[in-house]
1. Please list 105-116, 140-151 highest first by mean number of surrounding beta-carbon atoms within 10 Å per residue.
2. Would you mind computing, in nm to one decimal, how far apart the modelled labels at residue 159 and residue 19 are, each placed 7 Å from Cα along Cα→Cβ?
3. Report the rotationally averaged projected area of the chain based on its alpha-carbon convex hull, in square nanometres.
4. Could you list 198, 215, 90 so that the one with the fewest beta carbons within 10 Å of its beta carbon is first and the one with the most is last?
5. In degrees from 0 to 90, rounded to the nearest 10, what is the angle of the helix 3-21 Cα long axis to the longest principal axis of the chain?
6. Using the per-residue mean of other Cβ atoms lying within 10 Å as a proxy for protection, in what order, highest first, do the peptides 176-185, 91-100 fall?
7. Please work out how much length the chain gains when fully extended from residue 86 to residue 196, using 0.36 nm per residue of separation minus the C-alpha to C-alpha distance, in nm with one decimal.
8. Return the percentage of antiparallel bridges among DSSP beta bridges fully within region 115-200, rounded to the nearest 5 %.
């Protein structure tokens, strides 16, 4: 489909989203570009932190199509009542990506957050993403098991509590990586494709690979 046709088809949903979820002073600048066909269910709050530097289409939802993605895939954005999705500034959410923020949960995306396509973010408690975070395609990030397990001796005590996921500044995450609850990735790291990431025993400025993942090599930095 022609690029300009896509823009025209996406204009009504983009305008509706901005004026539905942002204060008027922010909405008139149309900071959100929402691709047509994106499924939106937002009963909680959508917020932009850097209100002094809002620009048109600085947050793009559902537009990027990776070489391996199917144009028919649907992008889904769900924020339950009492949940919060906060954008520090710019962000790019690729086609087919699904974001779910539970009641009472908070998901924070730092400036220049980007995900290629077809990834899933399941936030039941807290996710904090730093600046310059780059996800490839088909990644899964969860801060919860999404179900409760209780002890045999104390039926009221939950033995699998939700735990915050935190990713510090400038982390590049390869395709098909799984990141589980309680994970803390330090700054300036690269996570190799298909890695299974859990815990916080990772070194900054390192290559992180494996299942379970671990820091295997020091790196001085990376650029896309």
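1. 105-116, 140-151
2. 5.4 nm
3. The Cα convex hull of the chain, projected and averaged over all directions, gives 13.4 nm².
4. The order, fewest Cβ neighbours first, is 198, 215, 90.
5. 80 degrees
6. Details: 176-185: 19.8, 91-100: 23.4.
The densest-packed peptide leads the list: 91-100, 176-185.
7. Full extension of this stretch gives 37.0 nm more.
8. Within region 115-200, antiparallel bridges account for around 5 percent of the total.
Read-outs throughout are calculated quantities, based only on the coordinates presented, and are distinct from any laboratory measurement. Everything quoted here is computed from the prediction, not taken from an experiment. Quick reminder, even Gly has a Cβ in these numbers, built from the backbone with ideal geometry, and neighbours come from all protein chains shown.
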